[in-house]
Structure formats: C-alpha cells, structure tokens
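The values are calculated or read from the model by the stated rules, or taken from the named source; none is laboratory data. Owing to the predicted nature of the structure, the values given are computational and were not obtained by experimental measurement. In this analysis, Cβ positions are derived from the backbone assuming ideal geometry, glycine residues included, and neighbour counts consider all displayed protein chains. Accessible surface is based on the protein model in full, side chains and every heavy atom, while ligands, DNA and RNA are left aside. Shrake-Rupley method; radii C 1.70, N 1.55, O 1.52, S 1.80 Å.
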Amino acid sequence: MGSTGVSWKLADHPKLPKGKVIAMIVLDGWGEASPDKYNCIHVAETPTMDSLKNGAPDKWRLVRAHGTAVGLPTEDDMGNSEVGHNALGAGRIYAQGAKLVDLALESGKIYEDEGFNYIKESFASNTLHLIGLMSDGGVHSRLDQLQLLLKGASQHGAKRIRVHVLTDGRDVLDGSSVGFAETLEADLSDLRSKGIDAQVASGGGRMYVTMDRYENDWEVVKRGWDAQVLGEAPHKFKNVVEAIKTLREVPGANDQYLPPFIIVDDSGKPVGPIVDGDAVVTFNFRADRMTMLAQALEYEKFDKFDRVRVPKIRYAGMLQYDGELKLPSHYLVSPPLIERTSGEYLVHNGVRTFACSETVKFGHVTFFWNGNRSGYFNSELEEYVEIPSDSGITFNVQPKMKALEIGEKARDAILSGKFDQVRVNIPNGDMVGHTGDVEATVVACKAADEAVKMIIDAVEQVGGIYVVTADHGNAEDMVKRNKKGEPLLKDGEVQILTSHTLQPVPIAIGGPGLAAGVKFRKDVPSGGLANVAATVMNLHGFVAPDDYETTLIEVVD
C-alpha cells in the first residue's frame with residue numbers, strides 16, 4: 001500500500017481540530033471572468049455560488065489553474081481536468097503532459113529511451129504510423145511536437161511514415177484544421193524531397209472519430225479503427241487539405257465532427273492502412289481520449305467492437321495513458337511519478353473517504369486525484385461511486401447531466417456519518433461548455449449550483465466544513481476575443497469559444513465546523529490548485545508534509 005519507507009504519520013495541527021466532515025466540491029470548468037452575456041456563470045441563476053463569493057471576504061479567493069501553476073510549460077497553456085486534479089490531489093507541481101514531451105524532444109532523450117527503440121525495430125522494412133489530434137491547442141497534443149517527432153523519426157531511421165490526423169475545433173477555433181493540414185502537408189512534402197515516403201493516410205473529427213473517452217461510445221473508436229487500420233472510410237481523397245475543405249462544405253459541418261476519410265493513390269487504393277510489422281505511435285500526450293484506442297491497438301482479447309483484422313504491430317503511446325493498467329506497455333516519454341498524494345496520506349491517518357462523479361469525470365476525482373493511480377489505497381476506508389453519464393447524445397441535449405444525482409450521493413454520504421471526506425466533481429460547466437451552446441451552458445451552471453447547495457445543506461446539518469473550488473475555466477467565457485477583450489466576429493457572427501480558458505478559479509471555505517479565526521492568508525497571492533491539498537489537510541486537523549505547496553489558510557486568534 002503506497003510507497004515503501006515513507007513516514008505516513010501527519011503531525012496534528014496546533015490550532016485546528018480533527019473529526020469534522022469535509023465536503024470537497026470541484027466544479028469542472030468554472031472560472032472567474034468579467035460579467036457579460038457570454039459569461040454563462042454570470043448569466044445563470046447561481047445563488048449558492050453567489051452567496052459564497054459575496055459572503056465573508058476572507059473565506060473566498062481566486063487561485064491559478066493554468067500554465068506553470070499546474071506544471072504546464074507556459075502561462076499561455078490552458079489548464080485541463082487531468083493536470084488540475086493531479087495538482088489538487090498531489091499538493092505539489094509536477095512537470096506535466098506537454099512539458100514532459102517538450103523536455104524529451106528538446107534533449108533528444110525521446111530517441112534514446114526504451115519506447116522509441118522498441119518501435120524503431122519496425123523502421124527497416126515497415127511503416128511508422130502516427131495517430132493523434134492535429135492542433136496547436138496544447139490540451140491533448142501540439143502540432144509542433146508532431147513536426148519534431150516526424151523530423152526526429154526520419155533522422156533515426158524511419159523510411160516510410162503515415163500520419164492519421166484528427167481535426168480539433170474544440171480546443172482551438174473551428175476551421176483552423178485547414179491551416180494545420182497545410183502546415184503538416186508542407187513538412188511531409190519536405191520529407192519526401194529527402195527520400196522519405198511520408199503522407200497523411202486518414203482523418204476525421206475528434207468527437208466522431210477515435211477520441212471518445214471513459215467508454216462512452218465505442219463506435220467513435222471503431223470509425224477510427226476502420227480508417228486507420230483497415231483503410232476503409234465513407235470518404236476518399238487524394239490529399240488531406242482537399243479532404244478537410246470538401247467535408248467542411250457540408251451544411252452544419254465542423255472540425256469536431258468531420259466524418260472519417262482516407263487518402264488514396266491514383267488507382268484508388270488506400271495509401272496507409274496499418275499492417276503486420278508496422279509501428280504505431282499515438283502522439284497525444286493527454287490520456288483520457290487515447291485510452292480506448294490504446295486498448296484496441298494493444299489488447300489481444302478485445303470485445304468492444306469487431307476489429308476484423310488485428311495486425312501484429314509495435315505500439316507505443318506518447319506517454320503511458322493508464323499507470324495502473326500499464327496501458328500502453330510501451331511509451332515514448334515516462335510519466336511524472338506522483339507519490340505521496342494527499343489522499344494517500346489522509347487514508348494512512350484514518351480519514352475515511354467517499355469520492356463520486358459521473359462517468360465523464362469519475363476518473364478525475366479518483367485516478368487523477370490519486371496521482372494517476374487506479375483503485376483504492378485502502379478499500380476499508382474508501383468508497384468510490386460512479387454515476388453513468390448520458391451516452392449517445394451531446395451534453396447540451398441534457399445540460400443538467402447528473403449534477404443532482406451527484407449532489408444526492410454526496411448528501412447521503414455526509415449524512416451517513418461514515419466518512420470524514422466527501423469528494424465530488426460536478427462536470428456540467430466543462431462538458432456543456434465544450435459544446436459551445438451558450439443557452440445550454442447557462443442551464444448547466446444553474447444545475448451545478450443546485451448540486452452545491454444540496455451538499456452544503458448536508459454539511460450544515462452535520463456541523464461540517466465545505467471547500468468549493470474548480471479545476472480550470474470554461475463556462476465563464478464562451479466567446480473568442482481580440483486583444484482588447486471584445487468578442488471576435490466572423491461574417492457578422494460572434495465566434496463561440498469551446499475550449500478551456502486561462503482564467504483563475506474560485507475557492508471558498510465555510511460551514512459550521514470551520515474553526516473560529518480560520519481565513520485565507522494574504523501572503524500567497526499567486527496560489528494555485530496545488531495549494532489546495534495542504535489547505536484541506538489543515539481542515540482535517542493535520543499539518544501537510546514539508547514539500548507540499550503552502551496552505552492557503554491561517555488561524556487568527
């Protein structure tokens with residue numbers, strides 16, 4: 001159980017009592033931005049969150065949830081749910097996803113490690129396939145990393161390369177896929193001029209092809225499999241730029257939902273199906289939307305859809321996508337080793353924990369919170385409950401999602417008296433915000449607020465403490481803006497923003513169990529999500545380990 005040789009005993013906090021139940025509420029995609037009609041949190045009826053914000057000024061503040069505060073390379077990097085929950089749970093800042101890959105590519109270490117040497121064995125007589133999101137959004141992948149990997153792989157022996165692209169339009173502007181495809185095509189043309197047989201082989205929109213998550217809809221992965229592996233798709237083109245431009249001309253088409261297509265040669269034959277002996281790399285660094293494809297590529301026993309043909313390949317992920325499942329078993333860049341998470345410490349100190357969300361964010365409040373680790377630290381002290389998400393529909397169709405069900409489960413867990421910490425993720429602001437549907441996102445925010453009220457009411461009943469925060473921004477700004485902050489227009493219409501944001505997120509504390517004199521410190525102005533773990537440990541009556549980011553609270557006599 002946990003790391004060996006670690007002293008798990010936490011010192012008691014000199015001024016804060018133990019034994020108060022703590023509700024740890026994470027609102028997904030709930031940032032803080034100026035009020036206007038594109039700020040769905042502002043527009044929505046959110047009396048509970050409003051009362052926290054407008055209540056005691058020393059019990060509410062903002063924290064950073066993007067860039068270096070969550071281990072990403074620059075302050076231009078949007079936070080995401082994975083790194084956000086890693087930081088919330090770990091209490092320390094780890095180099096994450098993109099940053100890890102950047103360092104490995106920059107140093108050339110990626111080409112020396114086991115993962116690359118494993119796929120390299122296919123280069124002499126077979127094809128290297130690269131599958132992933134063609135985007136500079138920096139949430140799942142980055143185009144410049146793909147460009148460097150193409151260059152590096154060709155310099156390290158790859159003679160035949162096929163790229164299987166997924167168009168974005170979610171973390172970047174819809175329509176930007178055309179420019180990305182032109183950039184990629186120029187790079188591949190340059191490689192061809194040097195004698196490397198390099199081409200795009202297939203493609204499709206990320207939300208319709210390949211990039212499903214949490215086993216919501218295996219048909220999405222199957223469409224990708226058919227195009228990438230079998231070389232079969234309803235649309236055939238001579239090159240990727242023509243493919244995307246043509247498919248985008250269909251009324252209602254957008255980058256996220258482009259149908260699958262393959263690239264064919266002059267005789268109409270697909271240029272790049274995956275066959276025995278080939279090497280395959282999924283180049284996304286973020287795990288959640290690559291794990292299902294990874295299973296299809298790696299698992300011998302697989303029953304989610306008929307793969308028809310299962311080539312014997314050498315497969316590696318850009319990173320390992322699931323440390324507990326060891327999936328994939330080969331990867332180009334090693335993951336951050338997040339040990340001694342706050343959850344593990346608290347369980348070792350007898351804190352009984354309940355965690356709950358619906359399917360789309362269940363992994364965040366468990367796996368990512370626990371440092372990229374599946375399962376329980378101690379099944380006798382922990383209970384994790386997953387509420388199935390709606391499937392087969394986009395989230396704006398049912399924008400309330402399962403917020404109220406999550407609220408009810410949390411309420412019941414608090415009132416049961418069986419737990420010391422009840423931890424939830426309420427996904428609405430993020431998942432509905434990603435659809436770009438402003439009206440539905442307003443409904444989503446209202447539902448999330450109602451769930452928070454349900455949980456806080458239960459905390460009041462048992463004399464507990466609540467901590468309400470978020471993992472990154474999204475619903476608070478639904479429009480693309482110019483440098484002056486004004487909405488950007490295209491053909492007279494505002495350009496809707498479907499991505500996360502760079503905004504800070506709130507954190508509020510309160511409840512009848514909060515000891516007198518507890519307030520937010522004024523000397524941690526640049527506090528971020530990683531500071532939350534020590535804060536929560538304090539509220540449980542413990543002092544956090546020395547290497548944790550400092551607590552956000554103090555106790556004033």
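The distance from the alpha carbon centre of the range 497-535 to that of the range 190-212 is 43 Å, rounded to a whole number.
Beta bridges from DSSP with both residues in the range 98-317: antiparallel share about 10 percent, rounded to the nearest 5. Can you spot the aspartates and glutamates whose alpha carbon is less than 20 Å from K312's alpha carbon? Ignore those fewer than 8 places along the same chain. Answer for K312, where 20 Å is the Cα cut-off: E114, E121, D226, E232, D276, D278, E298, E300, D303, listed by chain and number. Listed by chain and number, the aspartates and glutamates placed with their C-alpha closer than 18 angstrom to that of K194 are E185; residues fewer than eight positions away on the same chain are left out. Accessible surface area normalised per residue over the range 408-458 is 29 Å², counting heavy atoms of protein chains with a 1.4 Å rolling probe. For a straight C-alpha distance cut-off of 16 angstrom, the lysines reachable from K238 (same-chain residues fewer than eight places away being disregarded) are K269.
Most tightly packed first, judged by the mean number of other beta-carbon atoms within 10 Å of their residues, the peptides 328-334, 545-551 read 328-334, 545-551. Remark: the E249-D187 segment gains 19.8 nm on full extension, using 0.36 nm per residue and subtracting the alpha carbon distance.
When peptides 316-322, 407-413, 518-524 are ranked by their average number of other Cβ atoms within 10 Å per residue, the highest-first order is 316-322, 407-413, 518-524.
Across the accessible surface of the chain, with the other protein chains kept in place and a 1.4 Å probe, carbon and sulfur atoms take up 49 percent. Using the Karplus relation 6.51 cos²θ - 1.76 cosθ + 1.60 with θ = phi - 60°, the per-residue 3J(HN,Hα) values for the range 279-288 come to 10, 10, 10, 8, 8, 5, 8, 7, 7, 4 Hz, with x marking Gly and Pro. For the chain, the share of alpha carbon pairs falling in successive 10 Å distance bins from zero is 4, 18, 28, 25, 16, 7, 2, 0, 0 percent.
With just the Cα atoms defining each centre, how far is the range 229-274 from the range 16-81? Give it in Å. Each part's Cα centre sits 41 Å from the other's.
When only Cα pairs below 8 angstrom with a gap of at least 6 residues are kept, the chain shows a relative contact order of 27 percent.
Rounded, prolate or oblate: which one fits the range 98-317, using the alpha carbon gyration tensor with axes a ≥ b ≥ c (rounded when a/c is under 1.5, else prolate when a/b beats b/c, else oblate)?
Working: a/c = 1.24, a/b = 1.16, b/c = 1.08.
It is rounded, given that a/c, with a ≥ b ≥ c, falls under 1.5.
Over the range 177-304, Cα pairs under 8 Å with separation of 6+ residues give a relative contact order of 30 percent.
Sorted by packing (mean other beta-carbon atoms within 10 Å per residue), highest first, where do 356-368, 99-111 land? List each step's numbers first, then the result.
Numbers: 356-368: 25.2, 99-111: 17.7.
So the peptides 356-368, 99-111, ranked by packing, come out 356-368, 99-111.
Heavy atoms of the protein chains alone define the surface here; on that basis the range 98-317 has 38 Å² accessible area per residue at 1.4 Å probe size. Once whole DSSP H runs in the chain are found, which of them have Cα atoms spread over 30 Å or more along the helix axis and a mean Kyte-Doolittle score of at least -0.5? Length and hydropathy pass: 438-462.
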